[in-house]
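Colleague: Handing you a structure now.
The values are calculated or read from the model by the stated rules, or taken from the named source; none is laboratory data. Being a predicted model, the structure only gives us computed values, none of them experimental. Don't worry about glycine lacking a Cβ; one is built from the backbone with ideal geometry, like all the others, and counts go over all protein chains shown. Just the protein is used for accessible areas: all its heavy atoms, side chains included, with ligands, DNA and RNA removed. Shrake-Rupley method; radii C 1.70, N 1.55, O 1.52, S 1.80 Å.
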Amino acid sequence: TTFERHYRIGDLARQWSFGRETVRKLVKDEPGVLKVRLGRKRSNTVYSVPESVARRIHTRLLNAT
């Protein structure tokens with residue numbers, strides 16, 4: 001997974017047609033998501049979502065009926 005593509009919140013929000021806050025809530029506690037905190041505030045956290053994790057989340061969303 002080190003060399004797979006990583007997505008940011010904005011990338012996934014555009015692809016999935018969701019709001020940025022919705023995507024943030026979906027990925028923030030997901031195993032495998034990299035969180036980089038810039039400063040002390042939570043609003044300055046950058047999430048990097050590996051492609052395999054994004055696929056897992058998207059599949060779960062599609063199967064939730």
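Colleague: Explain nothing, just the number: dipole magnitude of the chain about its Cα centre with +1 on each Lys and Arg Cβ and -1 on each Asp and Glu Cβ, in debye rounded to the nearest 20.
Modeller: So the magnitude is around 340 debye.
Colleague: Go through the chain and name the trypsin sites (Lys or Arg not before Pro) that are in a DSSP coil and have 10 or fewer other Cβ atoms within 10 Å of their Cβ.
Modeller: Passing sites in the chain are ARG5, ARG40, LYS41.
Colleague: Right, another one. In the chain, carbon and sulfur make up what percent of the accessible area (probe 1.4 Å)?
Modeller: 50 percent
Colleague: Whole number in Å², please: accessible area per residue of the chain, 1.4 Å probe, ligands, DNA and RNA not counted.
Modeller: 75 Å²
Colleague: Right, another one. Report the per residue volume, in Å³, of the convex hull enclosing the C-alpha atoms of the chain.
Modeller: Residue-normalised Cα hull volume stands at 88 Å³.
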